[in-house]
Amino acid sequence: MQTELYISEIMLRRPLAKDSYLNSVPAVRYLAEKGSLRLSKNITFLVGENGTGKSTLIEAIAIAYGFNPEGGTKNFCFETARAHSDLWEHLTIVKNRFAKDGFFLRAESFFNVATNIDELDKQPGLSLIDSYGGISLHEQSHGESFLALVQNRFGGNGVYILDEPEAALSPMRLMTLIAEISALVQKDSQFIIATHSPILMAMPDSEILELTKDGINSVSYKETEHYRVTRRFLENPEKMIRLLTGE
């Protein structure tokens with residue numbers, strides 16, 4: 001039986017300004033129309049084409065939950081560039097219970113998080129590097145540092161919000177990530193993940209929310225455009241290349 005989720009619903013508690021560019025983002029329009037987005041599984045994937053609002057929505061969820069906009073735990077408070085939207089100020093996160101751990105991992109600002117960890121580790125009385133594998137994340141490849149973070153810093157009993165974690169990972173490393181996520185779910189964790197990876201979204205007992213210009217719908221794995229396009233390509237790559245290049 002599934003344990004009660006830490007986060008069960010994302011609500012738009014007040015409307016956006018009429019001239020806000022966010023009103024043109026499909027995911028935001030859905031929230032404005034429906035009022036909320038319900039989560040039903042310990043693993044929720046947000047998938048969809050570029051421009052549908054995956055990263056905008058997951059960023060707002062993370063900030064509204066209390067995470068630093070550029071990533072990290074709730075204790076991180078650095079700011080390299082103020083590039084996030086104000087959508088989070090309009091959201092209410094329905095929390096059912098307290099999570100002991102948590103992390104917001106976003107591919108585009110992971111470098112900044114790694115830098116901040118190194119800077120904090122140099123301060124007297126602090127020893128953060130041990131919590132991240134004992135080696136600076138900057139001294140590892142991008143993919144190795146991603147997995148070092150998940151394997152060493154994610155302790156379970158937590159909420160983990162990931163924005164395109166596949167960006168730094170090979171197919172084999174993605175399979176390692178699947179195993180790590182599965183183990184953490186067994187340790188009473190919840191994941192909300194924005195992804196383009198058909199490998200990652202194949203995880204069993206997860207919910208896939210597909211974002212389109214028409215809204216947000218719960219779909220099965222094989223119904224996703226990511227699966228269909230990838231399957232067509234792999235079944236006949238030569239034909240697909242000819243069609244794409246006009247040869």
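The values are calculated or read from the model by the stated rules, or taken from the named source; none is laboratory data. As the structure is a computational prediction, the values presented were derived from the model and not from experiment. Because the Cβ atoms are built from the backbone with ideal geometry, glycine has one as well, and the counts that use them run over all protein chains shown. For accessibility, only protein heavy atoms count, side chains too; no ligands or nucleic acids. Shrake-Rupley method; radii C 1.70, N 1.55, O 1.52, S 1.80 Å.
Taking amide hydrogens as modeled 1.01 Å from N in the peptide plane, which residues meet the under 5 Å criterion relative to LEU162, leaving out close sequence neighbours?
For LEU162, the qualifying residues are LEU105, ILE192, ILE193, ALA194.
Got a number for the accessible area of THR92? Probe 1.4 Å, square angstrom, nearest 10.
50
Tell me, Kirkwood radius of region 160-247 from alpha-carbon pair distances, in Å?
For region 160-247, inverting the mean 1/r across all distinct Cα pairs yields 14.7 Å.
Report in % the part of the accessible area of region 146-197 that belongs to carbon and sulfur, leaving out ligands and nucleic acids; probe 1.4 Å.
50
Select from region 157-247 those chymotrypsin sites (Phe, Trp or Tyr not before Pro) which occupy a DSSP coil region and have at most 11 other Cβ atoms within 10 Å, ordered by residue number.
Filter output for region 157-247: empty list.
Give the separation of the Cα centroids, region 44-67 to region 141-219, in Å.
Cα centres, region 44-67 to region 141-219: 13 Å.
What whole-number value in Å² describes the accessible area per residue of region 1-58 for a 1.4 Å probe?
52
Can you check what the net charge comes to around GLY156, using other residues whose Cβ is under 9 Å from the Cβ of GLY156 (Lys, Arg +1; Asp, Glu -1)?
Net local charge, GLY156 excluded: 0.
Counting only heavy atoms of protein chains, what accessible area per residue, in Å², does region 170-247 have with a probe of 1.4 Å?
The answer is 59 Å² per residue.
Which lysines, on any chain, are close to LYS100 with Cα under 24 Å apart, when same-chain ones fewer than 8 places away are left out?
Of all the lysines, those that pass the test against LYS100 - Cα under 24 Å, at least 8 places apart if same chain - are LYS41, LYS74, LYS187.
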